[in-house]
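**Q** Please read through the structure below; I'll follow up with questions.
Readers should treat all values here as calculations from the given coordinates under stated rules, not as data from a laboratory. Keep in mind that this is a model prediction, so the values were computed, not measured. When we count neighbours, we look across all protein chains shown, and the Cβ atoms used for this are built from the backbone with ideal geometry, even at glycine.
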Amino acid sequence: MSPKINVPNVKLNSGYNMPLFGLGTWKSKPGEVTEAVKSAIDAGYRHIDCALVYGNESEVGAGIKAKIDEGVVKREELFITSKLWCTFHSEGQVIPACKMSLKNLGLDYLDLYLIHWPLGYQEGGDLFPKDENDKVLYSDIDYVETWKGMEACVTEGLAKSIGLSNFNSKQIERVLAAAKIKPAVNQVECHPYLNQTKLMEFCKAKDIAITAYSPLGSPDRPWAKPDDPKLTEDPKLVELAKKYKKSTAQILLKYQVQRGNITIPKSVTKGRIAENINIFDFELTLEDIAYIDTFDCNERVCHMNWCKDHKYWPFGVEF
């Protein structure tokens with residue numbers, strides 16, 4: 001087995017340490033994700049990013065349990081994130097939803113629990129409630145109300161830290177104005193085609209850490225079209241990768257980590273999982289980071305455009 005890589009931590013405003021690098025599990029199929037989690041823990045990952053809506057938390061939990069049972073890792077050495085789905089935004093629904101994720105994962109507590117999206121869906125039925133025209137049915141519950149339920153998760157000992165995902169700067173301001181417990185993290189899509197510099201600066205000023213999801217541009221997203229540009233094949237990146245004798249994926253991941261963003265690439269391939277974390281033995285020059293910054297073209301892959309008419313759709317503002 002290759003030597004375990006030690007990943008630096010980010011100190012959250014909640015007082016807890018969060019590993020700067022983790023395994024994403026969005027789109028990881030049940031049947032593949034248990035092995036992916038086991039491979040990741042063996043390779044040195046201590047941070048696993050999950051969500052109820054991914055439909056694979058039980059399999060993630062099986063991978064975690066296997067490695068704890070083997071004595072490879074202790075629970076307190078792991079950092080496990082999950083997310084509250086859009087159909088549980090009423091204050092009273094948050095704790096039951098959190099407990100559902102904990103049961104799926106086989107855990108007593110989460111290290112971090114996030115509101116997955118600021119927008120709510122109709123509650124009490126499917127995770128994607130739809131009308132006869134296949135249109136998602138909304139609720140108009142204010143995410144500020146949802147945040148009260150998130151705070152209760154901390155009070156009840158179900159989550160050590162709480163945060164947001166896919167929130168814009170205006171929405172974060174509204175949560176901060178009402179919060180008893182500050183959001184520790186905002187998890188957002190971030191890669192060179194959408195480098196999020198303004199949102200990063202805003203969050204840093206508020207002492208909120210950024211987690212970058214889809215750092216490789218999510219080439220396997222279900223709605224990708226065959227002719228969509230693939231970030232990992234960008235000729236400019238291919239040239240940079242040659243310079244550093246690394247893969248384009250490693251350059252993309254190092255770019256986020258060096259900018260101070262917690263980074264969670266998804267993979268279910270053992271070799272790729274090991275390669276992704278093997279980025280702590282080189283540094284990009286400041287010139288190269290500035291060069292990669294110039295790739296930005298506001299190209300969002302996780303746009304949630306089917307909810308554009310929701311009053312809390314987050315992407316209608318500048319950042």
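**Q** In vacuo Debye scattering of the stretch 106-213, one point per C-alpha: log10 I(q)/I(0) at q = 0.11, 0.14 Å⁻¹?
**A** Summing over Cα pairs of the stretch 106-213 leads to -0.40, -0.63.
**Q** Could you check the simple spin-label distance between Lys130 and Asp69, using points 7 Å along Cα→Cβ, in nm with one decimal?
**A** Placing both labels 7 Å beyond Cα along the Cβ direction yields 3.8 nm.
**Q** Taking R0 as 22 Å, what FRET efficiency do you get between Tyr109 and Asp207 from their Cβ-Cβ distance, rounded to the nearest 0.05?
**A** For Tyr109 and Asp207, the calculated efficiency is 0.45.
**Q** Let me ask you something else. Sorted from largest down, give the three principal axis spans of the alpha carbons of the stretch 200-269, whole angstrom values.
**A** 38, 33, 23
**Q** Further question: Any chance you could list the semi-axes, whole Å, largest first, of the equivalent ellipsoid that the Cα gyration tensor gives for the stretch 157-244, using √(5λ)?
**A** 31, 15, 12
**Q** Can you tell me which lysines have their Cα less than 27 Å from the Cα of Lys182? Leave out same-chain residues fewer than eight positions away.
**A** Lys11, Lys83, Lys99, Lys103, Lys148, Lys160, Lys170, Lys198, Lys204, Lys206, Lys311
**Q** Okay, next question. Straight-line reach from Lys243: which aspartates and glutamates have Cα under 16 Å away, leaving out those fewer than 8 places along the same chain?
**A** Answer for Lys243, where 16 Å is the Cα cut-off: Glu233, Asp234, Asp281, Glu283, Glu287, Asp288, listed by chain and number.
**Q** While we're here: What whole number of Å gives the distance from the Cα centroid of the stretch 267-319 to the Cα centroid of the stretch 122-198?
**A** Computed from Cα coordinates, the inter-centre distance equals 19 Å.
**Q** Report relative contact order for the stretch 74-211 in percent, whole number only (criteria: Cα-Cα under 8 Å, sequence separation at least 6).
**A** RCO, the stretch 74-211: 23 percent.
**Q** Continuing with the same structure: For each of Leu114, Leu286, Leu119, count neighbouring Cβ atoms within 10 Å of the residue's Cβ, then give the residues from fewest to most.
**A** Leu286, Leu119, Leu114
**Q** Separate question: How much length is gained on full extension from Val317 to Tyr16, taking 0.36 nm per residue of separation minus their Cα-Cα distance?
**A** Result for the pair: 105.2 nm of gain on full extension.
**Q** Report the FRET efficiency, 1/(1 + (r/R0)^6), for Thr155 and Gln122, where r is their Cβ-Cβ distance and R0 is 35 Å, rounded to 0.05.
**A** After rounding to 0.05, the efficiency reads 0.80.
**Q** Over the C-alpha atoms of the chain, what are the Rg and the largest Cα-to-Cα span, Dmax, in Å?
**A** 18.8, 54
**Q** If you take every DSSP beta bridge fully contained in the chain, what fraction is antiparallel? Give it as a percent rounded to 5.
**A** The antiparallel proportion sits near 20 percent.
**Q** Let me ask you something else. Between Glu239 and Asp309, what FRET efficiency follows from the Cβ-Cβ distance if R0 is 51 Å, with the result rounded to 0.05?
**A** Efficiency, rounded to the nearest 0.05: 0.75.
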